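The values are calculated or read from the model by the stated rules, or taken from the named source; none is laboratory data. What you are looking at is a predicted structure, and each value in this text was computed from that prediction instead of being measured. Neighbour counts are summed over all protein chains in view; Cβ atoms, including those assigned to glycine, are modelled from backbone coordinates with ideal geometry. Ligands, DNA and RNA are stripped out before the accessible areas are found, and what is left, the full protein with its side chains, is counted by its heavy atoms. Shrake-Rupley method; radii C 1.70, N 1.55, O 1.52, S 1.80 Å.
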Amino acid sequence: MRPHSRIYAETEDGGVQLASNADRWYVYSDYVHLSPHHTEGGLLKFDAELKPFVDNPDRCALVITDMQNDFCAPGGWTDVSGLDYKGCRKAIPGIQRAIQAARGFGMWIVWVYWHNRHDLRNLGAPTLYSFKHDPAQRGIGEELENGAVLLEGSWGASFVDELAPLEEKEDIHIEKVRMSGFYGTHLDQVLRTQGINTLFLTGVNTDQCVTTTMEDAYFHDYNAILLEDATSTSSPDYCKDAVVFNAKNCWGFSTTTEKFAAATPFEG
């Protein structure tokens, strides 16, 4: 059997191989190598929990989820609903730092956001009920003072003012109609055709759209890293705490934007 086909094979330098061939990782006592088969162009080592990891930035992307007015701006849907829109805004400075670092590393930037059809035919009753538990509650597509909630072309669906200027034409844009950025979208196809295997996840809400996107990334065998201070939520603190716990203990890794930006060249 070819060495690279042996799951749990011992590496020549004391590690253990997870998975096989082009999907393999090498696990060592003090770090995890996510890219032992793609070292061209240079590698970076990122400090994270539960362990630091090594990867090729050419295979990485920063994913920014739902940083839209309806979630993060005064007068938006979250605000009008009586929820903590200021809690959502806490992600903005971290995302600004993450974008600057990711562009410096030459990584892709992926913007994922709700853009619903004006006739709402893309949404079933369970999804609509998630946001309209009472006849008086304003749901997706219903009118607020600043326009309809999360419809394509609306003010509410636009990116917040602090992040909109940071968009670039060549960034990847993914419209979604469910919490997860993968469900019913082209995200998986776009990532695979561009050779992207590792996702640094940011945005709102940590315990809803960010975590479902992270879980789906994990289910699709992407390497998933949560940037803790570049995500936030209008939910109670324990909701985010649970996501951070699972990010580093189950779905992948968890780190901060400071550690992300401080990644160092790896010459292992």
Can you say whether residue 79 is surrounded by 15 or more Cβ atoms within 10 Å (Cβ to Cβ) and closer than 28 Å to residue 239 by Cβ, as far as the supplied structure shows? yes
Within the stretch 80-137, the residues that are closer than 30 Å to residue 264 by Cα and either among the charged types (D, E, K, R) or assigned to a loop (DSSP other than H, G, I, E, B) (or both) are 89, 90, 97, 103, 106, 107
**Asked** Residue check: is residue 141 touching a Leu at 6+ places or on another chain (Cβ under 8 Å) and on the phi > 0 side of the Ramachandran plot?
**Response** yes
Filtering strands (runs of 3 or more DSSP E) wholly in the stretch 172-259 for at least 3 residues that are of a type in the set (Val, Ile, Thr) gives 198-204
In the set 193, 231, 212, the lone residue that is β-branched (Val, Ile, Thr), open to solvent by 20 Å² or more (accessible area, probe 1.4 Å) and closer than 18 Å to residue 71 by Cβ is 212
Restricted to the stretch 32-48 and to residues being outside any loop (DSSP other than H, G, I, E, B) and not charged (D, E, K, R), the residue surrounded by the fewest Cβ atoms within 10 Å (Cβ to Cβ) is 44
Of the residues in the stretch 148-167, those that are without any contact (Cβ under 8 Å) to a residue 60 or more places away in the chain and either open to solvent by 50 Å² or more (accessible area, probe 1.4 Å) or closer than 27 Å to residue 106 by Cβ (or both) come to 152, 153, 164, 165, 167
Every listed condition ((1) touching a residue at least 24 places away in the same chain (Cβ under 8 Å); (2) in contact with a strand residue (DSSP E or B) (Cβ under 8 Å, 6 or more places away or on another chain); (3) farther than 27 Å from residue 75 by Cβ; (4) of a type outside the set (Asp, Glu)) holds for residue 186 save (1)
Filter the stretch 179-190 for residues that are open to solvent by less than 60 Å² (accessible area, probe 1.4 Å) and out of contact with any Ser or Thr (no Cβ under 6 Å at 6 or more places or on another chain); the one that is farthest from residue 211 (Cα to Cα) is 190
Scanning the stretch 132-147 for residues that are without any contact (Cβ under 8 Å) to a residue 12 or more places away in the chain and closer than 22 Å to residue 89 by Cβ gives 147
Condition set among the small types (Gly, Ala, Ser) and modelled with pLDDT under 85, scope the stretch 128-146, selection surrounded by the fewest Cβ atoms within 10 Å (Cβ to Cβ): answer is 136
